[in-house]
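Heads up: the structure comes next, in structure tokens.
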Amino acid sequence: MTMRITEQGYLVLLSLAEQPRHGYGIVKAVLELSDGATKLGAGTLYGLLDKMGEAGLVEASGEEVVDGRLRRYYRLTDQGSAAVVKETARLRALTRRARTVLGAHLAFSGS
């Protein structure tokens, strides 16, 4: 199954590219990766993880009980790793095109 990768989905995949994480760990990583701009609620996160699992991008990688609560960990599959690399390349190309179109009208700091 092919899935369109949204900004939220991209950030979830990117967070899992670093290491397997449980749900709250993903939420925290996405918040950090987006400089606080993307706050995932539980419904949104688990909906994304379900869709990504169906698409073969992520999989459960283990569970543990912490303070009486079950934590399920997720990791990227090989297909998920390829998808996040491909999406990063697409975004990089889009940024290059934006620089060309906008030229001097837009200052990209640090680039």
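Brief remarks on what is shown
- Among Leu94, Leu40, Leu76, the largest mean-square fluctuation in a Gaussian network model of the chain (Cα springs under 10 Å) belongs to Leu94.
- Helical contribution to [θ] at 222 nm, DSSP H n ≥ 4, -39,500 (n - 2.57), averaged over the chain, rounded to 500: -18000 deg cm²/dmol
- Straight-line reach from Lys39: taking Cα to Cα under 16 Å and skipping same-chain neighbours fewer than 8 places apart, the lysines in range are Lys28.
- Couplings 3J(HN,Hα) of region 83-99, computed from phi: 5, 6, 5, 4, 5, 4, 5, 5, 5, 4, 5, 4, 5, 4, 5, 4, 4 Hz, in residue order, whole Hz [Karplus 6.51 cos²θ - 1.76 cosθ + 1.60, θ = phi - 60°; x for Gly and Pro].
- Simple Cβ-charge dipole of the chain, Lys/Arg +1 and Asp/Glu -1, about Cα centre, in debye nearest 20: 480
- Highest GNM mean-square fluctuation among Val66, Val12, Val85, for the chain modelled with Cα contacts below 10 Å: Val66.
- Highest-MSF residue in the chain out of Arg72, Arg99, Arg90 [GNM, Cα springs under 10 Å]: Arg99
- At q = 0.13, 0.18 Å⁻¹ the log10 of I(q)/I(0) for the chain amounts to -0.54, -0.91, computed by Debye summation with a single uniform scatterer per C-alpha, solvent ignored.
- Other-chain or far-sequence residues with amide H under 5 Å of Tyr74's (modelled H): Arg21, His22, Ser61
FYI, it's all coordinate maths here, none of it is from the lab. These numbers come from a predicted model, not from an experiment. No Cβ is skipped: glycine too gets one built from the backbone with ideal geometry, and neighbour counts run over all protein chains shown.
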